[in-house]
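The values are calculated or read from the model by the stated rules, or taken from the named source; none is laboratory data. The shown structure was predicted, so the numbers you read here are calculated from the model rather than taken from an experiment. Every residue, glycine among them, receives a Cβ derived from its backbone with ideal geometry; neighbour counts consider all protein chains shown. Heads up: the accessible areas ignore ligands, DNA and RNA and are worked out on the full protein's heavy atoms, side chains in. Shrake-Rupley method; radii C 1.70, N 1.55, O 1.52, S 1.80 Å.
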Amino acid sequence: MDIGIKEQDRKAIAEGLSHLLADTYSLYLKTHYFHWNVTGPMFNTLHLMFETQYNELWLATDLIAERIRSLDVFAPGTYSQFAELSSIKESAGVPKANDMIAELVAGHEAVCRTARSVFPASDKASDEATADLLTQRLQLHEKTAWMLRSLLEK
Ligand SMILES: [Fe+2]
């Protein structure tokens, strides 16, 4: 295979993307979990908002995994691999609605940091396709973090 990116660089980029995939999957699952279990006066708003968000995250996992495959590296996809690769921790029990929102803000910010950390590897190899995907993911996560953060204003 020769797409103009050295094998060593492809592996380094795929390694970074594997962390992004694990973070995105973990945040997907957390958001769906909150969609099922949210309670309180904000139920309808949050139930629907979380649904929009988990659907977007679910679609993103496929784009990230298939970018890893385009670099000719296998994508992680088991719970044990995701637990090892993810920077996002599982929720303890069922949080109150406001705590769910705060946890999701922290989760989206964590994915931002993970996505940003992959740029040095993609820049080094002039991998604009990965940089483009990272940029789109950053825009989404920064925007979603802002929207969720806004719900917590008193
Ligand atoms: Fe549902």
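Does segment 40-47 include one or more residues that are among the aliphatic types (A, V, I, L, M), exposed (fewer than 13 other Cβ atoms within 10 Å of the Cβ) and either at negative phi or at pLDDT 95 or above (or both)?
Among the residues of segment 40-47, not one is among the aliphatic types (A, V, I, L, M), exposed (fewer than 13 other Cβ atoms within 10 Å of the Cβ) and either at negative phi or at pLDDT 95 or above (or both), which makes the answer no.
On the given criteria, is A60 modelled with pLDDT of 95 or more, surrounded by 21 or more Cβ atoms within 10 Å (Cβ to Cβ) and within 18 Å of Q139 (Cβ to Cβ)?
Criteria met by A60.
One line per residue, one yes/no per condition, for (1) in contact with a Leu (Cβ under 7 Å, 6 or more places away or on another chain); (2) within 25 Å of W36 (Cα to Cα); (3) touching a residue at least 40 places away in the same chain (Cβ under 8 Å):
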| position | (1), (2), (3) |
| --- | --- |
| R69 | no, no, no |
| T78 | no, yes, no |
| S126 | no, no, yes |
| L134 | no, no, yes |
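Return the total of residues in segment 7-38 being open to solvent by 10 Å² or more (accessible area, probe 1.4 Å) and either outside any helix (DSSP H, G or I) or within 16 Å of the ligand (Cβ to nearest atom) (or both).
Adding up the residues that qualify gives 8.
Taking interchain pairs and intrachain pairs at least six residues apart, which have beta carbon atoms under 7 angstrom, with the first residue in segment 39-58 and of a type in the set (A, V, I, L, M) and the second within 12 Å of the ligand (Cβ to nearest atom) and not in a helix (DSSP H, G or I)?
L46/V38
Kindly check whether there is at least one residue in segment 117-125 that is open to solvent by less than 20 Å² (accessible area, probe 1.4 Å), in a helix (DSSP H, G or I) and on the phi < 0 side of the Ramachandran plot.
Within segment 117-125, one or more residues are open to solvent by less than 20 Å² (accessible area, probe 1.4 Å), in a helix (DSSP H, G or I) and on the phi < 0 side of the Ramachandran plot.
I'm trying to understand the selection: among the residues of segment 78-116, which are over 21 Å from H141 (Cβ atoms) and part of a loop (DSSP other than H, G, I, E, B)?
Listed by number, the residues that qualify are T78, A92, G93, V94, K96.
Report yes if F50 is away from the ligand (no atom under 16 Å from the Cβ), assigned to a helix (DSSP H, G or I) and touching a Phe, Trp or Tyr at 6+ places or on another chain (Cβ under 6 Å), otherwise no.
For F50, the condition - away from the ligand (no atom under 16 Å from the Cβ), assigned to a helix (DSSP H, G or I) and touching a Phe, Trp or Tyr at 6+ places or on another chain (Cβ under 6 Å) - is not met.
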